[in-house]
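Have a look at the structure below, then the notes.
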Amino acid sequence: MPIGLIALALGGFGIGLTEFGIVGLLPEVAADFGVTESVAGYLVSGYALSVAIGAVALTAAIARFDRKKVLLSLMVLFIIGNLISAVAPSYSLLMIGRVVAALCHGAFFGVGAVVAADMVAPNRKAGAISLMFAGLTAANVLGVPLGTFLGQQLGWRSTFWAITVIGVVALAGIKLLVPQTAPPGQVSLRGELGAFRRPQVWVSITLSILAFGGVIGGFTYIAFTLTEVSGFAASTVPWLLVLFGLGTFVGNFYGGKFADRALNTSLMVSLGLLAVVLAVFALTAESKIMTVISLLLMGTVGLSTAPGLQLRTMKYAQDAPTMASGANIAAFNVGNALGAWVGGLAIGAGYGFISPLWAGAGVTVAGLVVLAAGSIRSGGAAKAVAPAQELRTEQSAPVAREPERAKAA
């Protein structure tokens, strides 16, 4: 893999740490600014909302510019946002810093996925995307626990200073290691938005919402499941979450490799397994051994879909991949919100702390239905070949398929 992918992954690590790192520091932030826990929690939800907005609006604004320069500019915006957060004298300014940093999140992963895919051979595109997303999963595994520990020892501002430094290093890495990208050509907002006239693009976006909604629906309230159902002590929860994070890292890596071989098939298998894992978890949550196994598998299977979901969206929007890619990042975050909402509804209805797992399984099955319908419309999952060979994009009128290329040696 090109070394430039490491620079993109480092940027993804910093962004992931910005998104999730504050979760463990909310008590300190609330105490420092004299706000309630729920108000402090707006720093998380406000970030997610800004990601969804920035993924679409900012990506639309930058689609016509050189992609490497765009990535560099987005990292500068990221650095500024975290610098504001580190020195914020008030809750309001901290929220502004969070919003500024969040605006670059979706656009960075959207543009970065296109750049990463262009850096490798056609049959390795999903693997390249998964390596870039590995930075985000690494933030879950290592960054969040370390960021929380640093903030608890040296004050919550120290975490944002550390993230700022990571941003500066990533900026230098992208500048030095990411090759100059090919000019995007004549790009218009109408042309970029034209990709959304294709049903398969909407299938991919809907699928991303449901796939992430399924795993996050089961994960959002997992601490309650672990302590109230499985019987683990509260002090063990962080270590169990690291286990989930390790699973996401493994799943993201191998999910990219599987998607490069057979895109639709990999997504069907992953979603099917995720529904099974969530259901088994719900049925065996009172067993500590099964809980540990299920938690690891939930992270592995749940995040194995990410590279394929991103590649599927880009595949059906080959003439406008940047905008569609950014929209798919927004879809991931909408899925996060959907999963948390559905899981909360299940608990509020009195079904207990295993009900979010069942809710997540149901959302995942809905994703399988959407994928099956989309696959039938596009020619069937049985006809799905490597993404490098799937050159057809959905049009309003039928278009003849190009002859398949000869298989690479």
Task: Residues satisfying the stated conditions in the range 331-359, i.e. closer than 23 Å to Tyr254 by Cα, of a type in the set (A, V, I, L, M, F, W, C) and at pLDDT below 85 - done: Phe332
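Residue under question is Met95, and the condition is that it be surrounded by 22 or more Cβ atoms within 10 Å (Cβ to Cβ) and within 24 Å of the chain's Cα centre (by Cα); does it hold? Show your work before the answer.
Values: surrounded by 22 or more Cβ atoms within 10 Å (Cβ to Cβ): no; within 24 Å of the chain's Cα centre (by Cα): yes.
Taking the combined requirement at face value, the residue does not satisfy it.
Can we say Phe149 is in contact (Cβ under 8 Å) with a residue 40 or more places away in the chain, part of a helix (DSSP H, G or I) and not β-branched (Val, Ile, Thr)?
Details: in contact (Cβ under 8 Å) with a residue 40 or more places away in the chain: no; part of a helix (DSSP H, G or I): yes; not β-branched (Val, Ile, Thr): yes.
No.
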TODO: Identify the residue in the range 33-61 that is among the β-branched types (Val, Ile, Thr) and assigned to a helix (DSSP H, G or I) and, among all such residues, is nearest to the chain's Cα centre (by Cα).
DONE: Val51
Task: Some residue of the range 282-293 being surrounded by 24 or more Cβ atoms within 10 Å (Cβ to Cβ) and in a helix (DSSP H, G or I) - done: no
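Residues Ala107, Ala121: which one is surrounded by fewer than 17 Cβ atoms within 10 Å (Cβ to Cβ) and more than 25 Å from Gly299 (Cβ to Cβ)?
Just one listed residue meets the conditions, Ala121.
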Task: All helices (runs of 4 or more DSSP H) inside the range 169-275 with 1 or more residues being surrounded by fewer than 20 Cβ atoms within 10 Å (Cβ to Cβ), of a type in the set (A, V, I, L, M, F, W, C) and modelled with pLDDT under 85 - done: 189-193, 237-261
Task: Contacts under 6 angstrom Cβ, first residue in the range 328-341 being free of Cβ contacts under 8 Å to residues at least 60 places away in the same chain, partner surrounded by fewer than 22 Cβ atoms within 10 Å (Cβ to Cβ) and not aliphatic (A, V, I, L, M), 6 or more apart - done: none
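The values are calculated or read from the model by the stated rules, or taken from the named source; none is laboratory data. Just so you know, these numbers come straight off a predicted model, no measurement behind them. As a convention, Cβ positions derive from the backbone with ideal geometry for all residues, glycine included, and neighbour counts pool all protein chains shown.
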